[in-house]
1. If Glu129 satisfies every condition in (1) within 21 Å of Ala78 (Cα to Cα); (2) within 16 Å of the chain's Cα centre (by Cα) but one, which is the exception?
2. If a residue has to be touching an Asp or Glu at 6+ places or on another chain (Cβ under 7 Å), β-branched (Val, Ile, Thr) and within 19 Å of Asp91 (Cα to Cα) to count, how many in region 115-154 make the cut?
3. Looking only at region 31-48, filter to residues that are more than 17 Å from the chain's Cα centre (by Cα) and loosely packed, with under 15 Cβ neighbours inside 10 Å; which one of those is farthest from Glu88 (Cα to Cα)?
4. Collect the residues in region 151-165 that are touching a residue at least 40 places away in the same chain (Cβ under 8 Å), of a type outside the set (Lys, Arg) and either on the phi > 0 side of the Ramachandran plot or not in a helix (DSSP H, G or I) (or both), keeping them in residue-number order.
5. Take His37 and tell me if it is without any contact (Cβ under 8 Å) to a residue 40 or more places away in the chain, of a type outside the set (Val, Ile, Thr) and in contact with a Phe, Trp or Tyr (Cβ under 8 Å, 6 or more places away or on another chain).
6. Test Thr97 against the stated conditions and say whether it is at pLDDT below 95 and either on the phi < 0 side of the Ramachandran plot or surrounded by 14 or more Cβ atoms within 10 Å (Cβ to Cβ) (or both).
7. One residue is enough: does region 65-88 have a residue meeting the conditions charged (D, E, K, R), more than 30 Å from Asp142 (Cβ to Cβ) and more than 13 Å from the chain's Cα centre (by Cα)?
8. Before we move on, is Glu47 closer than 24 Å to Val32 by Cβ, touching a His at 6+ places or on another chain (Cβ under 8 Å) and at pLDDT 95 or above?
Amino acid sequence: MHWYEKLKRYFPIEEMKSREHMEALLDDRGDVYHVDHGDHHVLLYVEGQRLVFVDYLLVAKEARGQGLGKKLLDKLKAKGKPILLEVEPADYDDTDTVKRQRFYEREGFRHVERLRYRRRSLATKEINELEILLWSPEDTTDEEAFDLVRAVYEEIHTWRDTDFYGESYQPTEEVLTLDAADEEE
């Protein structure tokens, strides 16, 4: 089965890019957009000078708990750059979301709590709220994480969006916000 079909079977439609969008990113932006896939995994990620952004990470159900996800993340951590990814908020009615959050926490990722990511799905027209997780070999501030996520949104998520979807995603300032820091911090 093609790696895109594996992703499509697992990820909600509101989180998916079209196959054409992903293949064009791999063809036209292959200097920064990469795919790593095998029988039991699919990993699509962006590697820029300042970050690694995990666009999609899927480990097949039958391969979970065997260290494959950790191995894939360790490969990205070895690049020595902050790693950012988007995840669905934990939903205790959906054990996969809870397990996913725990996995990333064990791997040293932290929730960038001040960063808000709310994008309208072009497929469903519904607002999709995601949490941003960060792993970094050095201290990365929420402001720095915000700038990195903004760059990914503008350069990858919305790249040629009207070509692939017939309409544009929302402007960055409608999708990403950074809450003010608490006085105590």
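The values are calculated or read from the model by the stated rules, or taken from the named source; none is laboratory data. As the structure is a prediction and not an experimental result, all values here were calculated from the model. When we count neighbours, we look across all protein chains shown, and the Cβ atoms used for this are built from the backbone with ideal geometry, even at glycine.
1. (1)
2. Number of matching residues: 1.
3. Per the criteria, the residue is Asp31.
4. Trp159
5. Here the answer is yes, as His37 does meet what is asked.
6. Against the criterion (at pLDDT below 95 and either on the phi < 0 side of the Ramachandran plot or surrounded by 14 or more Cβ atoms within 10 Å (Cβ to Cβ) (or both)), Thr97 qualifies.
7. For region 65-88, residues charged (D, E, K, R), more than 30 Å from Asp142 (Cβ to Cβ) and more than 13 Å from the chain's Cα centre (by Cα): absent.
8. Answer is yes for this residue.
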